[in-house]
Amino acid sequence: MPRLPYLPGVAVATAALTVLAAAPAPGGEPAVSRPRIVAHFDFAKGQTPENIALEPDGSADLTFASARQVAHVTKNGHTRIRATLPAEANPNTPVVGDDIVLGIVRAHDGTLYVTYATGTSKTGVWRIDPDGSRPRQIAQLPADGLPNAIGLDERWGVLYVADSVLGTVWRVPKEGGEPTAWATATELAPVPASAGGFGVGVNGLKVHHDAVWVSNTDRRSLLRIPVRPNGSPGPVQTKATGLTGIDDFAFTGHGDTVLASLIVSNEVALVRPNGSRSIVLTQKDGLSNPTSVAVRHGTVYVPSAAYFTMKDPNLLLADLHQHHDR
């Protein structure tokens with residue numbers, strides 16, 4: 001979730017987070033330990049890591065939202081810039097104003113897909129090929145939207161994009177083309193500022209077990225949208241509520257247990273299939289407005305964008321001990 005222009009008022013939400021109900025962790029579930037920061041970034045240069053995709057060797061590709069860049073970070077913290085999206089001379093992105101790169105997903109062949117929000121015709125899905133060629137736009141999304149997280153279903157050959165402003169999950173052919181408003185529902189929509197919302201609805205997104213899972217920041221919820229055999233969406237299912245400040249998330253394994261970033265409270269929560277949760281990482285571990293989570297081979301990756309703290313954007317790694325992931 002990018003930095004919002006009116007977020008000095010977020011202190012109210014921060015206070016609310018201190019009373020977030022957290023059920024005690026039962027035995028035999030995934031456990032997180034040994035957190036360590038492997039890379040520090042430069043906030044002044046717009047190096048605000050918003051989203052993450054993992055490479056087979058355990059390195060990470062991060063979107064630097066404010067710098068319009070995609071960075072490659074090794075597990076020992078070496079960072080290089082892989083791509084920079086073309087600047088928009090007159091950005092008019094809803095909610096944030098600036099042109100920003102948000103979601104990222106990696107295909108098996110190494111192709112990266114990112115979402116770019118500008119408030120102009122450049123808004124949409126952009127492709128970054130493994131050969132290092134310049135990014136190119138493969139799908140245009142509405143300029144009055146905010147395309148955020150992106151997921152890939154290679155079986156169907158489609159991308160899914162969460163639009164935080166329009167409350168829509170878009171479906172886009174992997175090779176590019178005309179997007180389809182795949183899912184729209186009240187559960188996906190933002191909450192107006194007059195009702196206490198930030199104007200940020202559906203935000204994080206993952207494709208998991210014949211379903212598209214999404215978070216809704218304003219509604220503090222984790223949702224599941226089944227993908228029917230013909231590719232159409234089933235009814236939206238609410239899997240967890242009360243997740244104040246939820247941004248993006250990742251599954252800990254093959255089950256439905258989730259690690260979710262809580263951007264305002266500087267925490268990562270473990271959310272169980274029954275909707276209960278407990279906090280497993282905090283600001284004391286080095287989190288500074290965590291925006292997303294990834295999991296690979298017993299390692300948890302958490303980028304922090306420092307949107308509100310404005311201190312120490314970073315990439316944190318931790319160990320994940322799998323017991324009986326449910």
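Here, each number is a calculation from the coordinates, and none is a lab measurement. Values in this document were obtained by computation on a predicted structure and should not be read as measured data. Here Cβ is always computed from backbone atoms with ideal geometry, including for glycine, and neighbour counts include all displayed protein chains.
The per residue volume of the convex hull around the alpha-carbon atoms of the range 176-326 is 140 Å³. Across all directions, the average flat footprint of the convex hull enclosing the Cα atoms of the chain is 14.9 nm². For a straight C-alpha distance cut-off of 16 angstrom, the aspartates and glutamates reachable from residue 206 (same-chain residues fewer than eight places away being disregarded) are 50, 153, 154, 163, 247, 248, 256. Would you please state which residues of the range 130-150 a label at residue 156 would reach in this model, taking the label point 7 Å out along Cα→Cβ and a backbone N cut-off of under 20 Å? Within reach of a label on residue 156, which here means backbone N under 20 Å from a point 7 Å along Cα→Cβ, the range 130-150 contributes 138-142, 147-150. Net charge within 13 Å of residue 216 by Cβ-Cβ distance, Lys/Arg positive one each and Asp/Glu negative one each, not counting residue 216 itself? Value of the local net charge: -1.
Less than 5 angstrom separates the built amide H of residue 148 from those of 162, 163, 164, all sequence-distant by 5 or more or on a different chain. Translational diffusion of the range 51-131, estimated by Stokes-Einstein from the Kirkwood radius over alpha carbon pairs at 20 °C in a medium of 1.002 mPa s, is 166 µm² per second. Here the range 38-123 is treated with +1 on each Lys and Arg Cβ and -1 on each Asp and Glu Cβ, and its dipole about the Cα centre works out to around 100 debye. Taking packing as the residue-averaged number of other Cβ atoms within 10 angstrom, the listed peptides 304-317, 214-227 run from highest to lowest as 214-227, 304-317. Summary of packing: across the peptides 191-202, 249-260, the per-residue average of other C-beta atoms within 10 Å ranks them, highest first, as 249-260, 191-202. Rounded to the nearest 20 debye, the dipole magnitude of the range 54-96 is 100 debye, with +1 charges on Lys and Arg beta carbons, -1 on Asp and Glu beta carbons, and the Cα centre as origin.
For residue 116, the shell of other residues with beta-carbons less than 14 Å away shows a net charge of 0, using +1 for Lys and Arg and -1 for Asp and Glu. For the range 121-164, the C-alpha radius of gyration divided by 2.2 N^0.38 Å, with N the number of residues, is 1.24. The Cα center of the range 223-258 and the Cα center of the range 131-195 differ in position by 16 Å.
Judged by the mean number of other Cβ atoms found within 10 Å, the most tightly packed of the peptides 182-188, 97-103, 295-301 leads the ranking 97-103, 182-188, 295-301.
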